[in-house]
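> Please read through the structure below; I'll follow up with questions.
Read-outs throughout are calculated quantities, based only on the coordinates presented, and are distinct from any laboratory measurement. Computed from a predicted structure; not experimentally measured. In this analysis, Cβ positions are derived from the backbone assuming ideal geometry, glycine residues included, and neighbour counts consider all displayed protein chains.
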Amino acid sequence: MTRLECRGVVAGHGRVVAVRDVNLSAEAGSVLAILGPNGAGKTTLLETIAGLLPRLGGEVLIEGTPLPSGRPVTANRAGVVLVPDSRALFTTLTVRENLTLARRRGGPDDDAVADLFPGLVARWNLAAGALSGGEQQMLAVARALVQKPRVLLVDEMSMGLAPRVVESLLPVVRRIADTADALVVLVEQHVHLALEVADHAIVMIHGEVAVAGPAAELKDAPDRLEAAYLGVQLPPARAG
Ligand SMILES: Nc1ncnc2c1ncn2[C@@H]1O[C@H](COP(=O)(O)OP(=O)(O)OP(=O)(O)O)[C@@H](O)[C@H]1O
Ligand SMILES: [Mg+2]
């Protein structure tokens, strides 16, 4: 069973520390939502796990094996795949070509992708740049999926998309965790939609984990979430 662990991860940009002592652990088959306001360090954390940024401290482990710091190719070989908020598609290539270029041996074929993203089927031979925002996001996730991820990191899938489109995409992410034997780590601004599909969630504030727990519990504790976003310290919840 694939498990991702962050132990005391410190990261940032040059000398700007943006992630401080982050600890988390989650396993394949589950969805972990990373929430938090703008500038909280969510993207920095994902990029650090993916090896795109060097760590300033701490460890990232996949199945107990530490990943070297700042080595994206090694992280990718270990099964870490990042869908960046920019989507980073080859816009002049077709949908099929984008998938073919990314596909790893044994990764889901076009039929399997079509099954998960029926909205892409009629677009197969169109240039990725000609797709709508929602379709481009489907393709970005599909392109990650054909790499057979063990840890799929999705940054702000909903960037620039209507809530209706986000609502249709998030269940697909859930299905990927359920069927592809992958852990999905989802950074999301739509807190309530994210908590609907996630198993666990953390709220990051100023680079630190301010709140962590089962998504169902956080969904039922809007005051805790709100306080975290506002940076207010609440007394611990009383048992019973
Ligand atoms: N390339 C960079 N160079 C220097 N500082 C950066 C860089 N990228 C981000 N930062 C800083 O790191 C901190 C965390 O940024 P990050 O992008 O990780 O936040 P975020 O939680 O993803 O925010 P958002 O919700 O707006 O995407 C911010 O203070 C930001 O200004
Ligand atoms: Mg971000």
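> Could you list the residues of region 8-38 with an amide nitrogen less than 15 Å from a label point located 7 Å from the Cα of M159 in the Cα-to-C-beta direction?
Label zone hits: 38.
> Decide, for region 113-189, between rounded, prolate and oblate: order the square roots of the alpha carbon gyration tensor eigenvalues as a ≥ b ≥ c, take rounded if a/c falls under 1.5, and otherwise choose prolate if a/b is larger than b/c, else oblate.
The shape class here is oblate.
> Now for a different question. Under the 0.36 nm per residue contour assumption, what length would be gained going from the current alpha-carbon distance of L52 and W124 to full extension?
Here the segment from L52 to W124 would lengthen by 22.9 nm.
> What list of ³J(HN,Hα) couplings, whole Hz, do you get for region 159-175 from phi and the Karplus terms 6.51, -1.76, 1.60, once you set θ to phi - 60° and write x for glycine and proline?
Taking θ as phi minus 60°, the curve returns 3, x, 9, 5, x, 4, 5, 4, 4, 7, 7, 4, x, 5, 4, 4, 5 Hz for region 159-175.
> Can you work out ³J(HN,Hα) from phi for every residue in region 120-128, in order, using Karplus 6.51 cos²θ - 1.76 cosθ + 1.60 and θ = phi - 60°, giving whole Hz and x for Gly and Pro?
8, 4, 6, 10, 3, 9, 8, 5, 4
> Of T91, V203, A142, whose Cα points farthest to the positive end of the dipole of the chain (charges on the beta-carbon: +1 Lys, Arg; -1 Asp, Glu; origin at the Cα centre)?
So the residue furthest toward the plus end is T91.
> Suppose R0 equals 25 Å. What FRET efficiency, 1/(1 + (r/R0)^6) with r the Cβ-Cβ distance, do T94 and T74 give to the nearest 0.05?
0.25
> Residue by residue, what Karplus-based ³J(HN,Hα) values in Hz, rounded to whole numbers, does region 80-89 have, using 6.51, -1.76 and 1.60 with θ = phi - 60° and x for Gly and Pro?
With coefficients 6.51, -1.76 and 1.60, one gets 8, 10, 9, 9, x, 5, 7, 6, 6, 7 Hz.
> In whole angstrom, how far apart do the alpha carbon centroids of region 8-80 and region 132-150 sit?
Region 8-80 and region 132-150 have Cα centres spaced 21 Å from each other.
> Right, something else. Run the helix sum for the chain: -39,500 (n - 2.57) per DSSP H stretch of 4+ residues, divided by residue count, reported at 222 nm to the nearest 500 deg cm²/dmol.
Values: 9 runs with 80 residues, N = 240.
Using -39500 (n - 2.57) per qualifying helix, the result is -9500 deg cm²/dmol.
> Considering amide H positions built from the backbone, and no H for Pro or chain starts, which residues 5 or more places from A18, or on another chain, come under 5 Å of its amide H?
Amide H to amide H, under 5 Å and 5 or more residues apart or across chains, A18 pairs with A11, G12, H13.
> How many nm separate the modelled label positions at R3 and E217, each set 7 Å beyond the Cα in the direction of the Cβ?
Result: 1.8 nm between the two label points.
> May I ask you to derive the relative contact order of region 1-99, considering only C-alpha pairs under 8 Å and at least 6 residues apart, and to give it as an integer percent? Display every interim value, and only then the final one.
On the way: 155 pairs, mean separation 27.6, N = 99.
Taking the mean separation of contacting Cα pairs over the length of region 1-99, I get 28 percent.
> Please list, ordered by chain and number, the residues whose modelled amide H lies under 5 Å from the amide H of V185; skip anything fewer than 5 residues away on the same chain.
L32, L152, L153, V154
> Mind running the shape call on region 1-152? Use the C-alpha gyration tensor, a ≥ b ≥ c as the square roots of the eigenvalues: rounded below 1.5 for a/c, prolate if a/b tops b/c, oblate otherwise.
Prolate.
> On to the next question. Can you tell which of L67, G133, V185 lies farthest toward the positive end of the dipole of the chain, using +1 and -1 charges on the Cβ of basic and acidic side chains (Lys, Arg; Asp, Glu)?
The residue sitting most towards the positive pole is L67.
> Also, quick follow-up: Less than 10 Å Cβ to Cβ from R103, Lys/Arg counted +1 and Asp/Glu -1: what total charge do the surrounding residues give?
Once positives and negatives cancel, what remains is +2.
> Could you compute the net charge surrounding D115? Neighbours are other residues with a C-beta less than 11 Å from the C-beta of D115; K and R count +1, D and E count -1. Write out the running numbers ahead of the final one.
Working: positive: R175; negative: D109, D110, D111.
Once positives and negatives cancel, what remains is -2.
> Express the relative contact order of the chain as a whole percentage, based on alpha carbon pairs under 8 Å and six or more residues apart in sequence.
26 percent
> How large is the charge dipole for the chain, taken about the Cα centre, if only the Cβ atoms of Lys, Arg (+1) and Asp, Glu (-1) carry charge, to the nearest 20 debye?
Dipole magnitude for the chain comes out near 640 debye.
> Within a Cβ distance under 14 Å of E27, other residues only, what is the Lys/Arg minus Asp/Glu net charge? Write down the numbers at each step before the final one.
Numbers: positive: R3, R150; negative: E5, E63, D178, D181, D199.
Local net charge: -3.
> So what is the relative contact order of region 133-240, in percent, for Cα pairs below 8 Å that sit 6 or more residues apart?
Result for region 133-240 is 19 percent.
> Also: So who's got an amide H within less than 5 Å of the one on G58, skipping anything under 5 residues away but keeping other chains? H placed 1.01 Å off N, in plane.
Placed amide hydrogens put V10 under 5 Å from G58.
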